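Single-structure report; data block below.
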Amino acid sequence: MFNKEDLNEVIMGLDKDYILNNVQPAMENINSYKPKSSLVPTDNRFTKDMKGVAVIPYLPLMEDKDGRASAVITYDVLDHFGIGVQELYDNAYENLNAESSKIRALSDVLMNATLEGIIGDGEDYCIQPEELSNEPGDLYYVTNKSAFRGAMSIFSNDTYKRIGKAIGDYYIIPSSIHELLIVSAGSIEASFIADMVKSVNASGIVADKDILCDDIFKYDSDSEKVVTVELSEGRGMDQEADIGK
């Protein structure tokens, strides 16, 4: 595995163009990313109404037999290469849009996982946002090509809006920082999803470092925004939270 010193040496040996052409935005649990003097601020241009979620800049680096290496961009890196925070994030979102999100029916993901693995394979099972169905029980898996830090891919090329045009309002389930699940809002109760997310996160099935958050979200097709779902006292209905307003 790569250690912190190895990663720092690799990054400082790169050039400015490589940093700007490869930096990506990624969703992170807001409690896991506490900006200090060395960490750049988070960006919320898409996620300001998503409670518990931060967007950070990270740089994919390399892979070895033990796994994939990536690094969070720090002020030391920005100072070394003469990059501003706004420039960094603007390039990160351009890079995000350069790669299409990968959407698959969850049933296909589970059926084929043992044969080919979820990560990076299964192109034949990918579907376009416009092809999604709002039939009861239809769940979809959303990630990026590598299925690494792929939760943010739902915002690539307005994928989140295109899904809304196909199925209307829908819930976003924070499976992990690597992927999201989506389901039509009319086919399942928010309280069931909320309980499931909290149960899975507490079970140890998802590694602590990969947990995105305990909250669930909803795409509102009228406002074209993703908002946090706050359950009412009756636990059957949901209401949209105006986070940060």
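Available extension along the chain between GLU131 and GLU87 is 12.4 nm, counting 0.36 nm per residue and deducting the alpha carbon span.
With 10 angstrom as the radius, rank HIS80, HIS178 by how many other C-beta atoms surround their C-beta, starting from the fewest. Don't skip to the end; give the middle numbers.
Numbers: HIS80 14, HIS178 22.
Going from sparsest to densest Cβ surroundings: HIS80, HIS178.
Each label point was placed 7 Å from the Cα along the Cα-to-Cβ direction; for SER107 and ASP158 their separation is 3.1 nm. Given a Förster distance of 25 angstrom, what is the FRET efficiency for ILE205 paired with SER32, based on the Cβ-Cβ distance and rounded to 0.05? So, using R0 = 25 Å, E works out to roughly 0.90. Sorting the segments 46-54, 205-213 by their residues' average number of neighbouring beta-carbon atoms within 10 angstrom, most packed first, yields 46-54, 205-213.
Give, as ranges by residue number, the residues of segment 134-153 whose backbone N falls under 20 Å from the point 7 Å along Cα→Cβ of ASN21. Only 145-146 fall inside the zone, counting backbone N under 20 Å. Ranked by how many other Cβ atoms sit within 10 Å of their own Cβ, fewest first, the residues ILE163, ILE30 fall in the order ILE30, ILE163. Summary of packing: across the peptides 134-143, 167-176, the per-residue average of other C-beta atoms within 10 Å ranks them, highest first, as 167-176, 134-143.
Cβ-to-Cβ counts within 10 Å put ARG162, ARG149 in ascending order as ARG162, ARG149, the fewest first.
Rule-based calculations on the coordinates, nothing more; no lab input. Treat the numbers as computed from the prediction; the structure is a model and nothing was measured. For neighbour counting, all protein chains shown are included, and Cβ atoms are generated from backbone atoms with ideal geometry for every residue, glycine included.
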